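The values are calculated or read from the model by the stated rules, or taken from the named source; none is laboratory data. From a predicted model like this one, the values you see are computed outputs, not experimental measurements. Using ideal geometry, Cβ is built from the backbone for each residue, glycine included, and neighbour counts are taken over all protein chains shown. For the accessible areas, the whole protein counts, side chains as well, though only heavy atoms, and no ligand, DNA or RNA atoms are used. Shrake-Rupley method; radii C 1.70, N 1.55, O 1.52, S 1.80 Å.
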Amino acid sequence: MFLVTVLFLNTAKTKQELDNTIFQTAGIAQKYNCSLRRLDYMQEQGLMSSVPLGLNLIPIKRALTTTSTAIFVPFTTQELFMAGESLYYGLNALSNNMIMVDRKKLKNPNGLILGTPGSGKSFSAKREITNAFFATQDDIIIGDPEGEYYPLVHALGGQVIHISASSHDYINPMDINMDYSDDDNPLGVKSDFILSLCELIMGARNGIEAEEKSVIDRCLPIVYQKYFEHPVPENMPVLGDLYQCLREQKEVQAQRIATALEIYVNGSLKVFNHRTNVELQNRIVCFDIKDLGKQLKKLGMLIVQDQVWNRVTVNRTACKSTRYFIDEFHLLLKEEQTAAYSVEIWKRFRKWGGIPTGITQNIKDLLSSREIENIFENSDFIYMLNQAAGDRQILAKQLNISPHQLSYVTNSGEGEGLIFYGNTIIPFKDKFDKSLRLYALMTTKLSDLEENRERGDNP
Ligand SMILES: Nc1ncnc2c1ncn2[C@@H]1O[C@H](COP(=O)(O)OP(=O)(O)OP(=O)(O)O)[C@@H](O)[C@H]1O
Ligand SMILES: [Mg+2]
């Protein structure tokens, strides 16, 4: 048995207002058959007992049994709050407490952000990027097919790389570093990448045959020989060197590949035949591939993924984590080569200190094949915003969410949903203050962007 005192504290600016709130409180209590008593001449004691000092100065008590007392205990919600290098992910929708988590403490830090268009996916990614930038030492890489991250990245002093047929920002698909692979031979993984690249260039339908693979594999050590002897940037090979080397081989297959490469070396699509001329060492790097034409988009995405791999391997040697955000993830999953690369990232990144986050609209994109499904199953962190009806059913089945929990992703507002952290599921909400400059840097709403422009505040 417990002796319990229940106190309600009413405050107001004027006497009139105070009378109103007291009246309202009494009305609510009345509805549940309780009557409230005013603490006349004991208001000070009442106040001191209401503030969290752990004192009860009020002698009025009621005897309650354990069950009746338990309903007053407010700690019945699950919370996610970690100390250390944790980041903010919104407020707990039930208790209004902050959700602070550190993805690095998960079994695997891989993450997904899912939600219908306009539900706030990119927005929450930008918020995480900003938090990670200030609260951690991690490097951040963004794959941005919509060209919407550059205001934020610029404001944080990061490097935006515009890759397009007419741009003068170049990245070299042949870039390699000595730590590129686990074993002593950095060429191992690199030749895998070059093979994927050639496969993509030659058209995926018939793929490339064993003979062609062998020819490419034979050329690579020759092409890289100079660089391995003197690893200085001027010796880094470009696609043109591979092309030359292929032309010098006598097999017809070599000629076939060389001809396919030609348009990327001398022809109209030669953006990728240059040495890297942008700063890839910046703490926050954004690859903007919005203006890459249809011909080059797949290739561009594959090359960006390879650059990320490059960076992650360098960072591992420096004991640094790398956060990789991939917006419009479904674009990557559509192509066989980039999808395979993404699956690889989800499987192996953790060991290299990588923290990948895929952002996509429909869960269906992630379930299109057994291989890709692995990405979904290997993600311990899921930030789920408003979901389309069809997707909700799939998710309920795949993730075992209750109908009640589903209600948090049904017609929810922007920045509201469910957060999955390991096996903890918590509903969250996040109302970002629209008057902040940071909001102006993160929004994609046309009306907001117009307002910024009018104020001359266009980032
Ligand atoms: N947490 C939030 N607080 C306030 N406003 C938000 C929040 N999240 C999103 N918004 C608003 O919603 C708009 C759209 O969000 P966002 O650009 O993230 O959509 P999206 O889910 O990435 O859509 P798409 O799939 O089309 O890329 C933002 O520009 C912003 O105005
Ligand atoms: Mg978006």
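Here are a few things to note about the model shown:
- Residue check: Leu367 meets all listed conditions (1) within 16 Å of ligand 2 (Cβ to nearest atom); (2) within 14 Å of Leu114 (Cβ to Cβ); (3) at pLDDT below 90 but one, namely (1).
- Filter result (in contact with a Lys or Arg (Cβ under 9 Å, 6 or more places away or on another chain) and within 16 Å of ligand 2 (Cβ to nearest atom)) within the range 343-362: Thr357, Ile359, Thr360, Gln361
- Filter result for Ala135 (more than 16 Å from ligand 1 (Cβ to nearest atom), assigned by TED's automatic domain parsing to the domain that holds Lys431, open to solvent by 20 Å² or more (accessible area, probe 1.4 Å) and more than 22 Å from Asn378 (Cα to Cα)): yes
- Identity of the residue in the range 285-331, under 23 Å from Phe381 (Cβ atoms) and charged (D, E, K, R), that ends up farthest from ligand 1 (Cβ to nearest atom): Arg316
- Filtered residue count, the range 272-287, keeping only those that are open to solvent by 10 Å² or more (accessible area, probe 1.4 Å) and touching a residue at least 24 places away in the same chain (Cβ under 8 Å): 10
- Residues satisfying the stated conditions in the range 316-344, i.e. under 14 Å from the mean Cα position of the chain (by Cα), more than 25 Å from Gly293 (Cα to Cα) and among the β-branched types (Val, Ile, Thr): Thr322
- Top-ranked residue of the range 140-166 - restricted to ones that are of a type in the set (Ser, Thr, Tyr) and either in a helix (DSSP H, G or I) or within 16 Å of ligand 1 (Cβ to nearest atom) (or both), ranked as least open to solvent (accessible area, probe 1.4 Å): Tyr149
- Within the range 50-80, considering residues that are open to solvent by less than 50 Å² (accessible area, probe 1.4 Å) and more than 45 Å from the chain's Cα centre (by Cα), the one farthest from Val4 (Cα to Cα): Ile58
- Search result, residues across the range 410-441 that are of a type in the set (A, V, I, L, M), farther than 24 Å from Gln398 by Cβ and out of contact with any Asp or Glu (no Cβ under 9 Å at 6 or more places or on another chain): Leu436, Leu438, Leu441
- Exclusive hit being hydrophobic (A, V, I, L, M, F, W, C) and within 20 Å of the chain's Cα centre (by Cα), set Ile419, Ile401: Ile419
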